[in-house]
Amino acid sequence: RDYLARLRAEARRGGAGPCDRSLHLLCHSMGNYVLQHALARLAEFAPGRTLPRLFDQVFLCAPDVDDDCLEPGRPMGRLPEIARGVSVYYNRGDQALTISDVTKGNPDRLGHNGAARPSLLHAKIQQVDCTPVVHGLVEHSYYLSGLVNEDLRMSLAALEADDPHRRRRRGSLPHTWTLE
């Protein structure tokens, strides 16, 4: 916090204004756990108030956090406040998350099956099932490859979730998609 205050003061002295560029965040695996705790800390500085929008897009890739964490009142339930859009990418074949689940006695992981109760999620949250397009050794780092990476880039380019250029099929629940 002190660093940011000093940086802001130096920018003012130099006459620099905000750059007005979009800032995005991608969290992979346990990085989502870090984000969960950062969000809790941010909420401590804004008790009872809406959190500031810090990001354009937030991507949760192979998130190694509980599958109910995005629901209202849960640890990441306020994430939509700090972003214009949130995308959860998951893979039912992710062996790293299966191992995490078994060895640590964790509840079901968000990155393995998506949200436990998708109908409870904020409308800004899109869930994308990557299982059909993920094969072999990339089961846990699939966001770096092919169709998944292309889908991420389309979000950065502000294409709507249902844009026909995306290689997705609408799921049976709102805001759920399957890559094809």
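Here, each number is a calculation from the coordinates, and none is a lab measurement. Model, not experiment: these values are computed from the prediction. Note that we place each Cβ from the backbone using ideal geometry, even for glycine, and neighbour counts take in every protein chain shown.
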**Asked** GluC sites (Glu not before Pro), restricted to region 125-169: which are DSSP loop and have at most 16 other Cβ atoms within 10 Å?
**Response** Glu160
**Fill in**
Quick note on His135, His140, ordering by fewest other C-beta atoms within 10 Å, gives His135, His140
**Request:** Note the angle between two axes, namely the Cα long axis of helix 146-156 and the longest principal axis of the Cα atoms of the chain, as a number of degrees from 0 to 90, rounded to the nearest 10.
**Result:** 30
**Item:** Angle in degrees between helix 2-13 and the longest Cα principal axis of the chain, rounded to the nearest 10
**Value:** 60
**Degrees separating the helix 95-104 axis from the principal Cα axis of the chain, which is the longest one** = 80
**Message:** Counting only helical runs of four or more DSSP H residues, what would the 222 nm mean residue ellipticity of the chain come to if each run contributes -39,500 (n - 2.57) and the total is spread over all its residues?
**Reply:** -8500 deg cm²/dmol
**Request:** Provide, in order from the shortest bin, the percent of all Cα-Cα pairs of the chain in each 10 Å bin, continuing until the bin that contains the maximum pair distance.
**Result:** 9, 36, 33, 15, 6, 0
